[in-house]
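The values are calculated or read from the model by the stated rules, or taken from the named source; none is laboratory data. The structure presented is a predicted model; accordingly, all values stated were derived computationally and were not measured. All Cβ positions, glycine included, derive from the backbone under ideal geometry; neighbour counts span all protein chains shown. In case anyone asks, the SASA skips ligands and DNA or RNA and just uses the protein heavy atoms, side chains included. Shrake-Rupley method; radii C 1.70, N 1.55, O 1.52, S 1.80 Å.
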Amino acid sequence: MQPKVLEEWKDLAILCAKSAGKLSLEKMNQPYEVNYKTSASDLVTAVDEEVEQLVIDMILKKYPDHGIIGEENRFKGDPSDAETVWIIDPIDGTTNFVHQQINYSVSIAVYHKGEAAVGVVYDPSRDELFHAIKGKGAFLNDRKLELTREVKLEEALLCTSLFWNKKAEQFGIDVIFKELAGKVRAMRLLGSAALELSYVAAGRLDGYVSLQLNPWDFGAGKLIIEEAGGKVTSMGGKPLPFNEKSSVVGCNPSFYAELKGYIRSNMFLNESAVKDE
Ligand code: 2AM
Ligand code: CA
């Protein structure tokens with residue numbers, strides 16, 4: 001893809017993310033509807049839907065032939081018909097949006113022929129923009145992000161979005177994380193996967209692990225970590241897909257092999273079963 005086109009996609013992704021963030025901040029202190037998706041711990045608000053619609057309208061105005069995969073499913077076409085697909089999460093960390101009013105983000109990725117081309121994650125409450133173009137590096141606002149510092153696993157600040165559900169226990173993940181927590185410097189759980197992956201790229205966290213995420217949670221963050229020089233794969237070491245669920249390991253490259261090996265050797269890992277949850 002021509003560099004000029006990639007720049008245009010990135011510029012629109014940034015414009016969409018900032019407009020989405022502004023709308024979410026405006027709506028935050030007005031009454032809005034909150035609904036349960038699958039359970040009381042899986043929320044969706046009227047703001048998620050309104051913000052997704054805003055982003056879809058902005059994308060289709062400029063690129064009517066592009067496909068869109070959004071968490072709230074508001075795109076009317078079939079994204080598998082398009083060569084270029086935008087993957088959006090209007091609010092990643094809806095629970096934080098509702099409870100904390102911070103620690104949530106807008107995640108927008110552009111994939112071309114199945115490959116990540118552009119990734120943008122915007123934190124509206126801190127006005128922080130993480131962005132990357134394939135082959136052109138990753139940035140936090142104007143600062144280039146480079147994971148050049150060597151980090152040992154025992155010095156690492158690790159993050160997860162572990163779900164304490166039956167499936168997680170069945171895979172032994174509760175035991176692993178208990179043990180892993182004693183092996184690394186400390187563990188964190190922030191509640192917005194897109195933001196947590198971006199923090200890994202920025203060196204604020206050293207690694208992020210999840211048993212299962214959706215493509216709109218990791219689509220942009222994956223490219224931002226890779227462009228900062230980090231490693232991101234599934235727990236089994238496979239490249240992350242753009243159109244289906246996956247487990248995720250993203251980290252500073254210096255301990256990737258050790259961390260992935262540790263997870264694999266301590267847990268019964270059947271990736272297709274993890275995905276099918
Ligand atoms: P979401 O807020 O867009 O749903 C929370 O730990 C992280 O996992 C968030 O990025 C959240 O994204 C994501 N997530 C995906 N499915 C989830 C679920 N069923 N319950 C809680 N968080 C979920
Ligand atoms: Ca969401």
Protection-proxy order for peptides 77-88, 36-47, each taking the mean of Cβ atoms within 10 Å per residue, highest first: 77-88, 36-47
Spin-label model distance (nm) - Arg126 vs Tyr36, 7 Å beyond Cα toward Cβ: 3.2 nm
Highest average packing first - 20-31, 209-220, Cβ atoms within 10 Å: 209-220, 20-31
Of every Cα-Cα pair in the chain, the percent that sits beyond 34 Å: 14 percent
Residue list for segment 180-195, given a label point 7 angstrom along the Cα-to-Cβ vector of Leu25 and an amide N cut-off under 18 Å: 195
Per-residue ³J(HN,Hα) for segment 95-101, Karplus 6.51 cos²θ - 1.76 cosθ + 1.60, θ = phi - 60°, Hz, x for Gly and Pro: 4, 5, 4, 6, 8, 9, 6
For Gly70, residues with placed amide H under 5 Å, excluding near neighbours: Phe75, Ile88
Phi-based couplings in Hz for segment 152-158 (Karplus 6.51, -1.76, 1.60; Gly and Pro marked x): 8, 4, 6, 9, 7, 9, 9
Solvent-accessible area per residue, Å², over the chain with all protein chains present [probe radius 1.4 Å]: 45 Å²
Structure-based [θ]222 nm, the chain - -39500 (n - 2.57) summed over DSSP H runs of at least 4, per residue, nearest 500: -11500 deg cm²/dmol
Kirkwood Rh in Å, taken over all unlike Cα pairs in segment 111-185: 15.8 Å
Carbon plus sulfur fraction of accessible area for segment 153-274, probe 1.4 Å, in percent: 51 percent
For segment 3-145, convex hull volume per residue from C-alpha positions, Å³: 114 Å³
Square roots of five times the Cα gyration tensor eigenvalues for segment 153-274, Å: 19, 17, 13
Added length on full extension, which subtracts the Cα-Cα distance from 0.36 nm per residue, Lys76 to Ala257: 61.0 nm
Protection proxy ranking, peptides 4-11, 68-75, 223-230, average beta carbon neighbours within 10 Å, highest first: 223-230, 68-75, 4-11
